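**Student:** First the structure, which I've put down as structure tokens, then a few questions once you've had a look.
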Amino acid sequence: MVDVLETQIARHERTVFGAILTLAAGGLDAYSYLVHGEVFAGLQTGNLILFGVHLGQGDLVGSGRYLVSLLAFFVGTIIVRVLQRHRWLGQHDPQRRQAILLYVAVVLVLAVVFSQWGVAVLGTALLSVAAAAVLQEFRRLNGGPFTPLMMTGNLRTLAETSFDALWLHEQKAWTKLRQTATIMVTFAVGAGLVALLRRWLGAATIVVPVIALLGAWWYLRREGDAN
């Protein structure tokens, strides 16, 4: 059941929408890691660490694939920033959010197509471009900051709210605890689904984050981006 206070928040900031996005994000990072040589699509901290490790070990070829993801994420962020500053889209947030969700879904499909055509490096880059779009556009949840691609901050929040809720019995902490736990569980579910289905679907496992993104688009489209 949606909290009463949450119903007063725009749909793109609600827990349900955030959970769908994190399911897609978890699936996307799991897919890129399993299919694209252990490169993360969105977890650029991990890519930067692995880039440094491979570079320090003298593995220039190995470090290159992480550099591709880092640069692609940079470019993907700029692309969405341009859309956010666009004369029309910048003033019509609901339409822009819906358009970006469809844009990301299309980019993911193209990533698989290029990979199957033997251009794996372009496929890796497109996965990071897609991840960057999600992170740049969707940055708030229930009135607070939100990062659908990174769970470190959410883990910290989970620990903090667990203490405040269980030890101090704060009602607001219980609400935040439920919201944060939901986000973390769906992220893991997305990753788990990709890992489970990959043995049967192979590269086509990208359908997991794509379906989640289309579900997020439908959630906004069905009733509009308002209460």
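**Student:** Checking the a/c ratio against 1.5 first, then a/b against b/c, what shape does the Cα gyration tensor give for segment 84-227?
**Tutor:** Because a/c hits 1.5 or more and a/b fails to exceed b/c, segment 84-227 counts as oblate.
**Student:** Could you give the size of the charge dipole of segment 10-223 about its Cα centre, using +1 on the Cβ of each K and R and -1 on the Cβ of each D and E, expressed in debye and rounded to the nearest 20?
**Tutor:** The dipole of segment 10-223 has a size of about 580 debye.
**Student:** Rounded, prolate or oblate: which one fits segment 138-218, using the alpha carbon gyration tensor with axes a ≥ b ≥ c (rounded when a/c is under 1.5, else prolate when a/b beats b/c, else oblate)?
**Tutor:** Prolate, because a/c is 1.5 or more and a/b exceeds b/c.
**Student:** Given H placed 1.01 Å from N in the peptide plane, which residues other than close sequence neighbours of Leu141 have an amide H under 5 Å from its amide H?
**Tutor:** Result for Leu141 returns Phe146.
**Student:** Cα axis of helix 171-201 to longest principal axis of the chain: angle in degrees, 0 to 90, nearest 10?
**Tutor:** Once rounded, the angle reads 30 degrees.
**Student:** For segment 43-127, which trypsin sites (Lys or Arg not before Pro) pass both filters: DSSP loop (anything but H, G, I, E, B) and at most 13 other C-beta atoms within 10 Å?
**Tutor:** In loop regions of segment 43-127 (DSSP not H, G, I, E or B), the sparsely surrounded trypsin sites (Lys or Arg not before Pro) are Arg85, Arg87.
**Student:** Given a cut-off of under 8 Å on Cα pairs at least six residues apart, what relative contact order in percent is computed for segment 10-223?
**Tutor:** 36 percent
**Student:** Another question, if that's okay. Can you give me the Cα centroid spacing of segment 84-130 and segment 152-191 in angstrom?
**Tutor:** Centre-to-centre (Cα) distance: 30 Å.
**Student:** I would also like to ask the following. Once Lys and Arg get +1 and Asp and Glu get -1 on their Cβ, which of Leu158, Ala130, Ala30 lies farthest toward the positive end of the dipole of segment 10-223?
**Tutor:** Ala130
**Student:** While we're here: Extending each Cα 7 Å along its Cβ direction at Leu70 and Arg199, get the distance between those two points in nm, one decimal.
**Tutor:** Placing both labels 7 Å along Cα→Cβ, they lie 3.6 nm apart.
**Student:** Let me ask you something else. Once the dipole of the chain is set up with Lys and Arg at +1 and Asp and Glu at -1 on Cβ about the Cα centre, which of Gly42, Gly144, Tyr103 lies farthest towards its positive end?
**Tutor:** The Cα lying farthest towards the positive end belongs to Tyr103.
**Student:** With everything on Cα atoms, drop me the angle between helix 44-56 and the longest principal axis of the chain, reported from 0 to 90° to the nearest 10.
**Tutor:** Roughly 30 degrees, rounded to the nearest 10.
**Student:** Turning to a different aspect of this structure: I'd like the orientation of helix 15-35 relative to the chain: the angle between its Cα long axis and the longest Cα principal axis, in ° from 0 to 90, rounded to 10.
**Tutor:** 20 degrees
**Student:** Same structure, new question: Could you work out the helix-only [θ] at 222 nm for the chain, with each DSSP H run of four or more residues adding -39,500 (n - 2.57) and the total divided by the number of residues, to the nearest 500 deg cm²/dmol?
**Tutor:** -25000 deg cm²/dmol
Laboratory data are not the source of any read-out in this text; all were calculated from the coordinates shown. Because the structure is predicted, anything quoted here is derived from the model rather than measured. Neighbour counts are summed over all protein chains in view; Cβ atoms, including those assigned to glycine, are modelled from backbone coordinates with ideal geometry.
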